[in-house]
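The values are calculated or read from the model by the stated rules, or taken from the named source; none is laboratory data. The shown structure was predicted, so the numbers you read here are calculated from the model rather than taken from an experiment. In this analysis, Cβ positions are derived from the backbone assuming ideal geometry, glycine residues included, and neighbour counts consider all displayed protein chains. The protein model used for the area step is the full one, side chains on, heavy atoms only, and it has no ligands, DNA or RNA in it. Shrake-Rupley method; radii C 1.70, N 1.55, O 1.52, S 1.80 Å.
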Amino acid sequence: MNSNNTHITDVLIIGAGLAGERVAIEVANHGLKSIILSLIPPRRSHSTAAQGGMQAALGNCAMGQGDSPDIHFQDTVKGSDWGCDQEVARLFCDTAPSAVRQMSHWGVPWNRVVAGKKRLSTGQVVNDDPEYDGLISARDFGGTAKWRTCFTADGTGHTLQYTMDSLVIKLGITMHDRMEAVRLIHDGDHCMGAIVRCLRTGELHTYLAKSTVLATGGYGRLYGASTNAIINEGSGMSLALETGIVPLGNMEAVQFHPTGMVPVWILITEGARGDGGYLLDKNRHRFMPDYEPGKKELASRDVVARRMMQHIRQGYGVDSAYGQHLWLDIRHLGEKHINTNLREIANICRSFAGIDPAKDLIPVRPTQHYSMGGVRTNIDGAAYGLKGLFACGEAACWDLHGFNRLGGNSLAETIVAGLIIGKKIAEYTSGAAQKYTYQIIKDHHANIDQKIKDLISGKDGQENVYALRDQMEQNLMEYVGIFRTAAELQKAVDNLKDIYYRSLKIGLRSDGSGANPELSFALRFPGMVRLALCIAYGALERTESRGSHYREDYPRRDDQNWLNRTLAYWPAGADLPELKYEPVKITEIQPDDRGYGEASVRS
Amino acid sequence: MKLQHLLTKDSKTEFYYEVLELIAGLFLVVFLTLHILFVSTIILGPDVFDALAQGMDAYHLGTIFKSLVIVAFFAHFIVAGRRIPTRVREQGIVWRHAKLLRHPNTWAWVFQVITGMAILVLGAIHIWVVFTNSPTGAMGSAMRVQAGYLWFYIALIPLSFYHAGVGLYRQFVKWGWFPRKPVGYIIIVITLTIIAIGSVALWAFMQLEVS
Amino acid sequence: MSNRTLTFNIFRFDPYRPEVAPYMQSFSVEELDGMTVFVALNKIRETEDTAIKFDFVCRASICGSCAMLINGRPQLACKTLTRNLPKKITLMPLPVFKLIGDLSVDTGAWFRHLSLKTKSWIHTDKAFDPQVLEERMDNQTALDIYEAERCIECGCCIASCATANIMEDFWGAAGINRVARFMIDPRDGRSGKEYFEVIGSEQGAFGCMGLMACDDLCPMELPLQMQLAFVRRKMLGLGFKV
Ligand SMILES: Cc1cc2nc3c(=O)[nH]c(=O)nc-3n(C[C@H](O)[C@H](O)[C@H](O)COP(=O)(O)OP(=O)(O)OC[C@H]3O[C@@H](n4cnc5c(N)ncnc54)[C@H](O)[C@@H]3O)c2cc1C
Ligand code: HEM
Ligand code: HEM
Ligand code: SF4
Ligand code: F3S
Ligand code: FES
């Protein structure tokens, strides 16, 4: 251990996406010091990939008139299939509008309302009132009663992240990029910071703080086909789970996006359907109205994704070398619209598939997209189990999304939660003292040091980490996908257990010196398999269907037995998570029919 | 900020250099174009050429113009010259970069620098020669051309017009008055035309009977 | 389609082991349909040399991590299809930026420095009031700002610019475009003089020689020529005033 590599601060923020940076700004505004860590330069965080938009009930545009946080709340609760924490959802919906305005104040160039009549691609004519001219506009997104998704052309996440980061720079907040947190330092009661590996040199650093925040984003890359960035490996969740004391919530709730482009799995944003795109089958038939006459292509994500798979299973999929898929058709929106409002999509189609969406159909298939589950926290963002540990953003299970997140609600979550939780962290931190002992730091440091040495020496075995990863991905893709059954889930759990044991016997093939990428991955991998087991095992145990968790053998939602949240713990030395359940907080709306999807599944 | 940068920081100097670069560059292009058209009146016959030369001298236009050109020539040498990669290391980087990048506009610039250096030498010789042999007249010029300066001009015409053409293009590009691509095509056409006219003029000089 | 066998010549160097001189190492890869350099590099790392360093994050040309010299030209490796390349492919890290190792360079630190130097944030005296409606803005203005803000900080424009290659502290097209983004933003209260201080110099607008490699090679196809010229013209006007 090297004292030059020890950094002490008030708040250690692991993750420089929107959630982490928003927390940092709030903390700085309260006069506290913080250090942000990130695997990559902050502006490359996956938040920048969000194209579609951010929900907030402003009600400025014609199709958003009459919107309010109440309606947003109803949509969110319904979307979550009553799995969310309604107190959190209420707080969130009430705060979202001012959060959007604040981002505007800080510099986000939100698209604005242009007064006057316009014709929508559906043929409907709307009239934007001059009274709202120049206010923040919104677009249509799945699962929402009003047009509520604020956007900047097709780069909402990008402009949000750049603006947020500009403020971080302005405020002089310390940013250490290319630094990977590899272990939380704790004594079973308090979290004291983290052991961090430098991805430039491979050296280990120690970060000590009064509070530590996990804002590390999602775990999409556990799945082979995911829209997520390749760094989204759920490392924050693994860090928390590894403590043995902090539980993960609702890990089985995995969202699949209806339109990942085959075969690169790059997301074609919901904006394409929001702006009027259709889904077609192999006969070029627009099938969504057959299943969902009301919302059609714009029903909530889980429903659309499931309908697509259902349709493929009924034999209407298009054959291809990469498996069956369907078509997304946006040709009728016109070249001009596609090349301006949907330019990113047009570029993606051209660069990655060599097709022109103004002329060609886009091959799409449901693809892993979002992790509703994560580090379980209370409404203040404090993780269960360890004092001084917080989580925020996609890494957390604050529980705004329950079993299904609405598109546009997660960008909003990162910012709204960052604001609210940031305040709470500041309060906590102001009253807390630096608590650590040399011995504890040394132990945690030694633990990682030993792991690194063993991986390099190959003392525990010679398993190939990349081969193991392929197997993990396959198991999740095949057995823990959109449609789930007990038999398949059991198979996944058994296989993953085996992979987990083998992951403890990885040996490097390179010398592991410096910032060796194989070593980085090998250090991370066992934690990833633990997450995979939480997902598979949680899904196996939950014998009902709710939101994105769909059991073919239990196709109904079962509020009698399962109106609860899964908590997954990983006791030391275990090979399976220990599952506990806690009730869901229902304050305003009692469980009911969602008004889309289930109604027809049930009958 | 480093001390040496702090104490020499003067944002206006850069600005004036930039303005001077623009004016001197454009002025030289205008001059060069007029100059070659003027010299090319030899195609219409030595009388026209002489009449023009005398006409200009009568109002001292020639002298004023000549002084301005010399000032502009050296001003340009100084301001544009500051962009020339002078150190050996810089030279190495630029050549390597241009070869790797295979980018036409970057190569165009590399050759502009080279042609600029060539013009510095050739242009200075030329101006010297012309000045020490004034006044200008068709016969005198033709004599020079036939006495061996033909090859000198055959080199100078394309060098200077390549340099002027690319320079003009880059000025338009930098100030963004017009979109790049059309400006590029127009300048290429004009440059080639002028080089052609200049070559015909040289030919005309060669045809002239000098006594 | 009979697939080719591609040969990748890859630059190898570890700045933390300067005693090993940089060298080029070659790898063969069987080409697959729809293969990108991203796919090929990962294949090489997973099957041939697990120590090789390169950066990818989004693999969808959104994040700007993966720019490198592909056969000499700066490009995003994630969106470069091998089918558009010859059989022999040379990969080198971007010049100008600090080398981290092999194909990985520190564009992040460079751009952070740029943001600091150009003070790339909205300068305003107004405090945010959560109770009040947002300030109105013309939608076209919003779109214009976005047009400049689309830059993903990949560094292709910097690496391709000869000026930036020889002039240590030149901010290049990305830097000048960044300033343009704030200049057109009505929320930014900086005066002309302040802007002139920031960008009216050889490090900024006046350093550019109009080489246009930036404009030709920006993977986001930002209208860099027009942005550079816009700032230069603004500076011309301001230069006479301030
Ligand atoms: C393609 C795509 C499109 C999307 N579109 C939308 C949309 O239109 N609307 C919407 O609302 N949502 C959308 N989402 C979801 C939304 O973008 C994400 O949920 C959200 O941005 C997550 O933000 P975050 O701050 O929690 O995490 P991220 O932005 O993922 O940031 C994670 C940060 O943690 C750092 N990190 C991770 N592990 C470590 C570690 N061990 N040590 C140090 N640092 C670490 C990373 O470097 C990174 O900085 C989309 C998601 C995807 C994948
Ligand atoms: C009649 C003679 C000349 C004409 C018409 C001319 C014209 C021009 C023009 C229009 C430019 C573009 C200006 C710019 O980019 O800012 C230019 C650039 C340049 N000239 Fe000349 N020039 C002449 C002579 C010279 C000489 C003698 C030199 C020798 C040093 C020279 C060196 C350069 C260089 C290096 C540039 C590039 C500057 C830059 O890229 O910014 N030129 N010239
Ligand atoms: C003020 C300065 C100049 C004067 C008075 C001048 C004068 C002349 C004259 C009289 C001629 C006819 C040929 C001769 O007499 O030899 C000539 C030709 C020429 N000059 Fe100049 N010149 C000047 C500057 C320049 C400069 C700066 C350049 C280019 C860099 C230039 C390029 C040429 C060329 C290319 C020709 C040959 C034209 C042809 O025959 O088509 N001159 N000049
Ligand atoms: S301007 Fe273009 S090339 Fe330059 S950094 Fe931005 S996106 Fe990359
Ligand atoms: S390449 Fe460089 S010189 Fe200017 S036009 Fe682009 S910044
Ligand atoms: S990996 Fe993000 S741009 Fe290439």
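Here are a few things to note about the model shown:
- For the stretch C:221-235, the set of residues classified as open to solvent by 20 Å² or more (accessible area, probe 1.4 Å) and in a loop (DSSP other than H, G, I, E, B) consists of C:Glu221, C:Pro223, listed by residue number.
- Set side by side, the residues C:Leu85, C:Leu103, C:Leu99 differ, and just one is open to solvent by less than 10 Å² (accessible area, probe 1.4 Å) and either closer than 22 Å to C:Ser160 by Cβ or within 16 Å of ligand 1 (Cβ to nearest atom) (or both), which is C:Leu103.
- In the stretch B:84-99, the residues that are surrounded by fewer than 18 Cβ atoms within 10 Å (Cβ to Cβ) and either within 13 Å of ligand 5 (Cβ to nearest atom) or assigned to a helix (DSSP H, G or I) (or both): B:Val88, B:Arg89, B:Glu90, B:Gln91, B:Gly92, B:Ile93, B:Trp95, B:Arg96, B:Lys99
For (1) away from ligand 4 (no atom under 16 Å from the Cβ); (2) of a type in the set (Ser, Thr, Tyr); (3) open to solvent by less than 90 Å² (accessible area, probe 1.4 Å), each residue gets a yes or a no:
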position	(1), (2), (3)
C:Ser115	no, yes, yes
C:Glu135	yes, no, no
C:Ile145	no, no, yes
C:Cys151	no, no, yes
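- Pair list, Cβ < 6 Å and 6+ apart or interchain, from the stretch B:109-137 residues that are part of a helix (DSSP H, G or I) to residues that are surrounded by fewer than 17 Cβ atoms within 10 Å (Cβ to Cβ) and not aromatic (Phe, Trp, Tyr): B:Val113/B:Ile84
Table: residues versus (1) modelled with pLDDT under 95; (2) farther than 21 Å from A:Gly249 by Cβ; (3) open to solvent by 20 Å² or more (accessible area, probe 1.4 Å).
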| position | (1), (2), (3) |
| --- | --- |
| A:Gly507 | no, yes, no |
| A:Ala515 | yes, yes, no |
| A:Glu518 | no, yes, no |
| A:Ala522 | no, yes, no |
| A:Arg530 | no, no, yes |
| A:Leu567 | no, no, no |
| A:Trp570 | no, no, no |
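- Of all residues in the stretch C:37-80, those satisfying the criterion of being within 16 Å of ligand 4 (Cβ to nearest atom), more than 9 Å from every other protein chain (Cβ to nearest Cβ) and closer than 22 Å to A:Arg200 by Cα are C:Cys66, C:Ala67, C:Met68, C:Ala77.
- The lone exception for A:Ala50 - which of (1) more than 16 Å from ligand 6 (Cβ to nearest atom); (2) open to solvent by 10 Å² or more (accessible area, probe 1.4 Å); (3) in contact (Cβ under 8 Å) with a residue 12 or more places away in the chain it fails: (1)
- Only one of the numbered conditions (1) buried (at least 24 other Cβ atoms within 10 Å of the Cβ); (2) within 12 Å of another protein chain (Cβ to nearest Cβ) is not met by A:Tyr219, and that is (2).
- Just one of the listed residues (B:Ala164, B:Ala155, B:Ala204) is within 12 Å of ligand 3 (Cβ to nearest atom), open to solvent by 20 Å² or more (accessible area, probe 1.4 Å), assigned to a helix (DSSP H, G or I) and more than 20 Å from C:Asp215 (Cα to Cα), namely B:Ala155.
- Criterion (more than 9 Å from ligand 2 (Cβ to nearest atom), closer than 23 Å to B:Phe49 by Cα and not acidic (Asp, Glu)) met by exactly one of B:Ile93, B:Ile127: B:Ile127
- Test: C:Phe128 is within 20 Å of A:Leu135 (Cβ to Cβ) and out of contact with any Asp or Glu (no Cβ under 6 Å at 6 or more places or on another chain): yes
- Tally of residues being within 15 Å of ligand 3 (Cβ to nearest atom) and open to solvent by 70 Å² or more (accessible area, probe 1.4 Å) across the stretch B:100-129: 5
- All helices (runs of 4 or more DSSP H) inside the stretch C:138-204 with 1 or more residues being within 14 Å of chain A (Cβ to nearest Cβ), under 18 Å from the mean Cα position of the chain (by Cα) and over 18 Å from C:Asp216 (Cα atoms): C:139-149, C:172-183
- Contact map, the stretch A:18-29: residues that are within 16 Å of ligand 2 (Cβ to nearest atom) paired with residues that are part of a helix (DSSP H, G or I) and basic (Lys, Arg), Cβ distance under 8 Å, separation 6+ or inter-chain. No pairs are found.
- Index of the failed condition, C:Phe111 passing every other in (1) surrounded by fewer than 23 Cβ atoms within 10 Å (Cβ to Cβ); (2) among the aromatic types (Phe, Trp, Tyr); (3) touching a residue at least 12 places away in the same chain (Cβ under 8 Å); (4) within 16 Å of ligand 1 (Cβ to nearest atom): (1)
- None of A:Asp67, A:Asp81 is among the acidic types (Asp, Glu), touching a Phe, Trp or Tyr at 6+ places or on another chain (Cβ under 6 Å) and in a loop (DSSP other than H, G, I, E, B) except A:Asp81.
- C:Ala127 being more than 16 Å from ligand 6 (Cβ to nearest atom) and surrounded by 23 or more Cβ atoms within 10 Å (Cβ to Cβ): no
- If you check A:Ile425, A:Ile440 for being in contact with a Ser or Thr (Cβ under 9 Å, 6 or more places away or on another chain), farther than 20 Å from A:Gly507 by Cα and away from chain C (no Cβ under 14 Å), only one passes: A:Ile425.
- Filter result for C:Arg73 (free of Cβ contacts under 8 Å to residues at least 40 places away in the same chain and either touching a strand residue (DSSP E or B) at 6+ places or on another chain (Cβ under 8 Å) or within 16 Å of ligand 5 (Cβ to nearest atom) (or both)): no
- Looking across the stretch A:14-40 at every residue that is more than 17 Å from the chain's Cα centre (by Cα), open to solvent by less than 10 Å² (accessible area, probe 1.4 Å) and within 9 Å of ligand 1 (Cβ to nearest atom), the one that is nearest to A:Met103 (Cα to Cα) is identified as A:Ile36.
- Qualifying residue in the stretch A:371-382 (condition: closer than 20 Å to A:Gly142 by Cα and without any contact (Cβ under 8 Å) to a residue 60 or more places away in the chain): no
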